[in-house]
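Notes follow once the structure below has been shown.
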Amino acid sequence: MEPVPFELQPFGGEAERRAQGLEGVRLSGQASLERSADGAILRLDYQLVADLGDNPTALLVPPTAPQPKRCDGLWEHTCLEAFVAAGDGEAYWELNLAPSGDWAVYRFDGYRSGQQSPPLQRPPFTTSTRPDGLDLQLRWPMPAELSAADGLSLGITAVLEQRNGAISCWALHHPSPEADFHRREGFRLKL
């Protein structure tokens, strides 16, 4: 399958971008699906262009963890995320991927309900930092319920933390008056 490009926008749009001093930040990438007899692999490539320097509005990127682990609350700091649903079904999966290598995977039965932390291995992803940002590549062998689906709906999102403590929420689409990545209207990327 050909990769599908994406670009995330900050909650609050350009006014929020300017208010937080994030004019130079760009968060884009591509998504694709590889199917085989063994299942399907979701491929996500994120490219973050941002100031990672020492000034107060620069992005804060957590250092690489010596032993990355499963952690809750990763979305409280810089974290790249994906929400994946089989077609138009109610259930969906949430992946939280921190530049440190820490991670979390959750399954929900419906909108913010029936949350589970399935006993999965660390999703295979790598991050690399550059002077002007970072890249993250995910190659996730999806669970059977997603692999067997005829189509997937994805919400590609991110939380970015600045050195001054400010947090911004980025997504393909912000469908509600508050930043809420769990809303299905935000799962705009189709594979």
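Report the extension gain between Ser28 and Tyr111 in nm, rounded to one decimal, defined as 0.36 nm multiplied by the number of residues separating them, less their alpha carbon distance.
My answer for the length gained is 27.3 nm.
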Open item on the list: Defining a contact as two alpha carbons under 8 Å apart and six or more residues distant in sequence, what relative contact order in percent does segment 71-152 show?
Closed with: 24
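Relative contact order, percent, of the chain when contacts are C-alpha pairs under 8 Å separated by at least 6 residues? Walk me through the numbers on the way to the answer.
Numbers: 446 pairs, mean separation 47.6, N = 191.
Over the chain, the number comes to 25 percent.
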- [ ] Output ³J(HN,Hα) for segment 71-84: one whole-Hz value per residue in order, computed from phi by the Karplus curve 6.51 cos²θ - 1.76 cosθ + 1.60 with θ = phi - 60°, and x for Gly and Pro.
- [x] 9, 8, x, 4, 5, 7, 9, 4, 7, 9, 9, 8, 10, 10
- [ ] Tabulate in residue order the Karplus-calculated ³J(HN,Hα) for segment 39-44, using 6.51 cos²θ - 1.76 cosθ + 1.60 with θ = phi - 60°, rounded to whole Hz; enter x for Gly and Pro.
- [x] x, 9, 10, 8, 10, 10
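Using the Cα centre of segment 1-115 as the reference point, and only Cβ charges (+1 on K/R, -1 on D/E), how large is the resulting charge dipole? Debye, rounded to the nearest 20. Walk me through the numbers on the way to the answer.
Values: 9 positive and 18 negative charges, 34 e Å.
Computed about the Cα centre, the dipole is about 160 debye.
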Task: For segment 64-84 versus segment 24-52, the gap between their alpha-carbon centres in whole angstrom - done: 16
Task: Calculated percent of Cα pairs over 22 Å apart (choose from (1) 47; (2) 44; (3) 62), label - done: (2)
Open item on the list: Before I look further, what does the chain give for accessible area per residue, probe 1.4 Å, in whole square angstrom?
Closed with: 47
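The values are calculated or read from the model by the stated rules, or taken from the named source; none is laboratory data. This is a predicted model, so every value here is computed, not measured. Cβ coordinates were reconstructed from backbone atoms using ideal geometry, including for glycine residues, and neighbour counts include every protein chain displayed. Ligands, DNA and RNA are excluded from the accessible area calculation, which covers all protein heavy atoms including side chains. Shrake-Rupley method; radii C 1.70, N 1.55, O 1.52, S 1.80 Å.
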